[in-house]
Amino acid sequence: MSTAEARAVEQAVDTDRYPLTGPESAEWKSVVSRTRHELRSSGCSILPDFIRPAHQDALRRECAEIAPDAHYDVETVNAYNIDIRTPLPEDHPGRLTTRRGNAFVARDRVPAAAIIHQLYTSELFKRFIADCFELPVLHELGDPLSGLVLNVVRPGMEHPWHFDTNEFTVSMLTQEAEDGGVFEYCPNIRSARDENFRDVRAVLTGSGEHLVRRLTLRPGDLQLFKGRYALHRVSTVKGTRARHTAIFAYSERPGVIGSVARTKQLFGRVLPEHIEAEKKAVRVDQLLD
Ligand SMILES: O=C(O)CCC(=O)C(=O)O
Ligand SMILES: [Fe+2]
């Protein structure tokens, strides 16, 4: 850890409440143990005011400045993010489709000095997050676009019900909607062994209200979430202001890069790194040409 990194983290993060600069201290262990407990029981933990109130306006402003760079794509999706043409039985919840109403700003549009970028690349932050998720280590994605993104949901739009591909997600609201735009989720609605299509279908068709929890998130709160097992969405944003969330993607493996097809869909473009990675993936060996 460099002193400059520790200073940057200390400035923005409320290190009195969240002692990132004191790994393994008693305070660190106490926050980690509380977070682990919540993640085990409901798959979600919120760390309120993770960013100091004095820095929350800078956080909002930095992200609002890049929000116009979000890529919009009219995409019809299902909760499983699988091809909607996949043949499925009549009553399968994967047959229920919606328009994806959110848009992402890619990592290469986030200035290196922005708070969210400083956090994403911070060794202290990564170590803290890994410890909360009970993982030995976490790596930034090798993907130059999808590792750190800003999720933009404009008024009148929603980010529809879905499961994440990643087992865990780290995110931070940077700008709240005036009304609506609520994060809703169904804790542990499925597991690695049981898809529980009946309840998923109930939620998607509006009769599973008893399974849904709602979160009140504020800008600067950090959210740790196990989105592979919890169906979740952002409800329709109302009022005049868009809702912005920074999404920090990490992996247990180093060098993870998204496919060319998915990257094009999310960001409307690919970089040489994506094409290179796809070429390597189809080769039987790693020998030079
Ligand atoms: O913006 C949010 O709060 C949720 C984003 C989300 O669920 C996702 O990007 O998978
Ligand atoms: Fe998600």
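The values are calculated or read from the model by the stated rules, or taken from the named source; none is laboratory data. For clarity, every value in this text was computed on a predicted model and none was experimentally measured. A quick note on method: Cβ atoms are made from the backbone with ideal geometry, for glycine too, and the neighbour counts reach across all protein chains shown. Note: accessible area is taken over every heavy atom of the protein model, side chains too, but ligands, DNA and RNA are not part of it. Shrake-Rupley method; radii C 1.70, N 1.55, O 1.52, S 1.80 Å.
Output the number of residues of region 109-128 satisfying the condition of being crowded, with 22+ Cβ neighbours inside 10 Å and closer than 21 Å to Lys226 by Cα.
So the answer is 5.
Which of the residues belonging to region 219-253 are in a loop (DSSP other than H, G, I, E, B) and touching a Leu at 6+ places or on another chain (Cβ under 9 Å)?
Result: Pro219, Gly220, Asp221, Lys226, Ala249, Glu252.
State all residues of region 69-79 that are out of contact with any Lys or Arg (no Cβ under 7 Å at 6 or more places or on another chain), modelled with pLDDT of 85 or more and open to solvent by 40 Å² or more (accessible area, probe 1.4 Å); if no residue qualifies, say none.
Correct list: His71, Tyr72.
Which condition breaks for Ala202 when tested against (1) among the aliphatic types (A, V, I, L, M); (2) open to solvent by 10 Å² or more (accessible area, probe 1.4 Å); (3) more than 11 Å from ligand 1 (Cβ to nearest atom); (4) in contact (Cβ under 8 Å) with a residue 40 or more places away in the chain?
Here Ala202 meets the rest and fails (4).
Looking at region 167-195 only, could you name the residues that are touching a Lys or Arg at 6+ places or on another chain (Cβ under 6 Å) and assigned to a loop (DSSP other than H, G, I, E, B)?
Glu167, Phe168, Ala177, Glu178, Gly181, Val182, listed by residue number.
Taking the options Asp164, Asp143, name whichever one is part of a loop (DSSP other than H, G, I, E, B) and modelled with pLDDT under 95.
Numbers: Asp143 fails: modelled with pLDDT under 95.
Of the residues listed, the single one that is part of a loop (DSSP other than H, G, I, E, B) and modelled with pLDDT under 95 is Asp164.
Hey, among the residues in region 205-259 that are of a type in the set (Val, Ile, Thr) and exposed (fewer than 14 other Cβ atoms within 10 Å of the Cβ), which one's nearest to ligand 2 (Cβ to nearest atom)?
The extreme case among them is Thr216.
Any idea which residue in region 146-161 is nearest to ligand 1 (Cβ to nearest atom), counting only those that are under 15 Å from the mean Cα position of the chain (by Cα) and in a loop (DSSP other than H, G, I, E, B)? Talk me through it step by step, then tell me what you get.
Step one: filter region 146-161 for residues under 15 Å from the mean Cα position of the chain (by Cα), giving 146-153, 159-161.
The next check asks that each one be in a loop (DSSP other than H, G, I, E, B); those that pass are 146-147.
On the way: Ser146: 10, Gly147: 13 Å.
Per the stated criteria, the residue is Ser146.
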